[in-house]
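What follows is a single structure, written as structure tokens, with notes after it.
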Amino acid sequence: MSSQPSTWTPAGGAFWAGRWHHPDTTLEVLDPEDGQLVGRVGDCTAADVDEAVRAVAQAVLAGPAWPIWQRREALHRAASLLVEREAAFAELLSREGCKPIRDALREVQRAVETVRLSAEQADRLEGQTLPFGDTPRGENRLGWYTREPVGVVAAITPFNDPLNLVAHKVAPALIGGNGVVLKPAEQTPLVALAFTELLLDAGVPADRVAVLPGRGATVGAALVGHPRVDLVSFTGGYTTGNAIAATAGAKKTVMELGGNGTVVVLPDADVRRAAQAVVDGAFGNAGQNCLSVQRVFVARELVDELVERVVRLTTELVVGSKADDRTDVGPLIDETSAARVESWVDEAVEGGAAVLTGAKREGTYYWPTVLVSVPAGARVLTEEVFGPVVSIEPFDSVDAVVTEVNGLEYGLQAGVFTRDLDAALDVAQRLRVGAVMINDTGDFRIDAMPFGGSKRSGVGREGVPFAVDAMTEPKIIAIHRSPRPA
Ligand code: NAD
């Protein structure tokens with residue numbers, strides 16, 4: 001994939017044990033916008049997973065050493081190749097996924113940063129000497145620890161950021177000295193195959209990477225349950241996370257799960273700024289983002305102004321074809337997802353919610369929707385919508401908002417808008433979430449920060465340096481020397 005093709009066909013439908021495979025059974029990858037065929041990939045089996053995991057384990061445990069400097073150079077080359085191929089990656093990502101071309105290009109640029117940052121973590125792979133002098137029992141001992149790879153990392157990824165979330169797992173695993181078996185989302189495997197091809201072109205040893213497209217219940221479950229997999233790094237929904245935890249048992253896991261993006265707008269906030277950020281955060285990628293803004297709590301005295309601004313900005317969004325660079329909002333991943341979002345909005349409306357704009361569906365498209373007066377307990381408030389729907393609720397008491405948010409099952413990231421630093425810090429410190437952005441929504445992340453959530457939103461943290469920590473472990477070597485002769 002060196003120039004921008006209209007349709008890119010991967011070298012094979014899967015890659016493991018150092019070569020491309022063409023499984024007899026394939027999965028069709030369809031463009032969610034119009035149902036057109038974008039490509040075919042292998043529909044891999046549990047037997048394929050077994051072969052792939054054993055091959056990667058063999059490479060890591062018994063293959064030639066892969067020194068840190070070579071890992072760093074390979075990942076720097078991979079980042080440069082991604083820059084060269086960014087247009088082709090953006091087009092493929094946009095076609096098989098949901099992002100309008102502008103947003104797809106931004107994701108490719110994010111992935112370049114993720115890979116580069118991973119290369120730079122080579123410096124983090126160092127240890128320390130051990131303080132044996134701390135105790136009389138340490139007499140005549142000296143030693144140190146180093147950071148060693150955990151071994152085989154199984155990376156399981158969702159459809160919504162199909163390149164950057166793959167990069168967030170594969171690149172930290174590789175710089176840490178691991179082998180990786182990747183199982184991309186059924187809907188968006190092509191970009192994962194293209195990324196694997198790019199890693200091979202960059203000099204990553206072919207026996208250390210594998211990518212097996214296929215179904216969650218087959219390839220995903222076989223990977224999680226495989227005895228030679230040392231760590232499962234999963235990003236996806238809470239229900240899948242639960243299934244993975246049940247299969248993985250005591251295996252190491254890192255899980256990035258869902259959210260229901262809360263924003264708190266305090267009485268002294270800059271409403272214009274808050275409204276723009278809410279619209280950007282609620283409707284980017286048609287709301288299919290774990291950080292998507294879903295609930296906005298606004299001080300009662302500001303509610304009319306905020307609602308008016310949010311509705312106006314929302315109606316200005318261009319809903320359209322992903323290939324058009326004026327498009328702001330593309331389709332949902334499939335019609336089932338669009339119909340689910342529609343039914344949740346219908347349920348809220350039946351309970352008394354008012355639709356201020358949107359609530360219209362055509363096939364996989366669902367129009368950006370602003371709701372008010374949503375009844376307590378409606379799923380658009382309590383569950384993760386994962387679609388372009390935002391609910392705005394006035395409040396009189398900050399304490400009641402904090403209690404409500406902390407009572408939700410998810411706690412990924414949140415935002416608070418205010419000019420009062422003390423008030424901002426008070427809310428930020430009391431919310432049970434993984435991050436609070438002050439004067440922004442929770443829909444912000446840099447790839448170097450610890451990323452993850454409280455409660456149902458995840459287990460452990462990603463973010464490149466933190467992923468490298470999770471995917472490596474300290475190993476001690478200590479010497480008990482003979483006492484000096486008296
Ligand atoms: P999903 O949970 O349906 O699927 C994610 C991956 O898990 C896919 O590759 C799927 O095939 C695989 N899978 C399914 N069943 C499996 C099983 N039993 N064993 C192993 N693997 C299995 O999620 P999705 O619909 O692709 O993505 C949307 C979800 O991802 C949302 O909940 C969203 O919030 C979450 N997400 C979280 C983050 C984060 O960083 N916190 C980022 C993006 C998306």
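The values are calculated or read from the model by the stated rules, or taken from the named source; none is laboratory data. Computed from a prediction, not measured in an experiment: that's the story for all the values here. Backbone-built Cβ (ideal geometry, glycine too); neighbour counts: all protein chains shown.
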Taking the condition more than 9 Å from the ligand (Cβ to nearest atom), in contact (Cβ under 8 Å) with a residue 60 or more places away in the chain, part of a loop (DSSP other than H, G, I, E, B) and not acidic (Asp, Glu), does Ala274 pass? no
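Residue check: is Ala250 farther than 16 Å from Glu462 by Cα, more than 10 Å from the ligand (Cβ to nearest atom) and in a loop (DSSP other than H, G, I, E, B)?
Criteria met by Ala250.
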The number of residues in region 428-442 that are within 12 Å of the ligand (Cβ to nearest atom) and either over 20 Å from Val390 (Cβ atoms) or assigned by TED's automatic domain parsing to the domain that holds Asn164 (or both) is 1
Residue list for region 55-94, restricted to those being surrounded by 23 or more Cβ atoms within 10 Å (Cβ to Cβ) and of a type in the set (Lys, Arg): Arg71
Of (1) near the ligand (Cβ under 7 Å from one of its atoms); (2) hydrophobic (A, V, I, L, M, F, W, C); (3) farther than 22 Å from Asp43 by Cβ, Ala217 satisfies every one except (3)
Here is a list of conditions, (1) more than 25 Å from Pro465 (Cα to Cα); (2) outside the structural domain of Ala217 (by TED's automatic domain parsing), and Asn289 meets all of them except one; can you say which number that is? (1)
Is it the case that Ala59 is touching a strand residue (DSSP E or B) at 6+ places or on another chain (Cβ under 6 Å) and under 26 Å from Ala154 (Cβ atoms)? yes
What pairs come out if I take residues in region 220-246 that are more than 13 Å from Lys169 (Cβ to Cβ) and pair them with residues that are more than 6 Å from the ligand (Cβ to nearest atom) and of a type in the set (Phe, Trp, Tyr) whose C-beta lies under 7 Å away, six or more apart or interchain? Gly241/Phe234; Ile244/Phe234
What number of residues within region 336-368 are β-branched (Val, Ile, Thr) and without any contact (Cβ under 8 Å) to a residue 40 or more places away in the chain? 3
Could you name every one of the helices (runs of 4 or more DSSP H) located completely within region 368-449 that has at least 3 residues being hydrophobic (A, V, I, L, M, F, W, C) and more than 21 Å from Asn160 (Cβ to Cβ)? 398-407, 421-430
Considering only region 295-312, I want to know if a residue exists there that is within 16 Å of the ligand (Cβ to nearest atom), touching a residue at least 60 places away in the same chain (Cβ under 8 Å) and either crowded, with 22+ Cβ neighbours inside 10 Å or not assigned by TED's automatic domain parsing to the domain that holds Val398 (or both). yes
Quick one: which residue in Leu266, Leu291 is of a type in the set (A, V, I, L, M, F, W, C) and within 11 Å of the ligand (Cβ to nearest atom)? Leu291
With the requirement that a residue be among the small types (Gly, Ala, Ser) and farther than 16 Å from Gln294 by Cβ, what does region 394-426 give you? Ser397, Ala400, Ala423, Ala424
Just wondering, is there one or more residues in region 170-186 that are within 7 Å of the ligand (Cβ to nearest atom), closer than 25 Å to Ala87 by Cβ and in contact (Cβ under 8 Å) with a residue 24 or more places away in the chain? yes
Do you know which residues across region 31-54 are free of Cβ contacts under 8 Å to residues at least 60 places away in the same chain, crowded, with 16+ Cβ neighbours inside 10 Å and assigned to a strand (DSSP E or B)? Arg40
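Test Arg110 against the stated conditions and say whether it is within 15 Å of the ligand (Cβ to nearest atom) and surrounded by fewer than 21 Cβ atoms within 10 Å (Cβ to Cβ).
yes
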State which residue is nearest to the ligand (Cβ to nearest atom) when the search covers only region 223-247 and only residues that are within 17 Å of Ala55 (Cα to Cα) and out of contact with any strand residue (DSSP E or B) (no Cβ under 9 Å at 6 or more places or on another chain). Gly225
Go through (1) small (Gly, Ala, Ser); (2) within 26 Å of Arg215 (Cα to Cα); (3) in contact (Cβ under 8 Å) with a residue 24 or more places away in the chain and name the single condition Gly261 misses. (2)
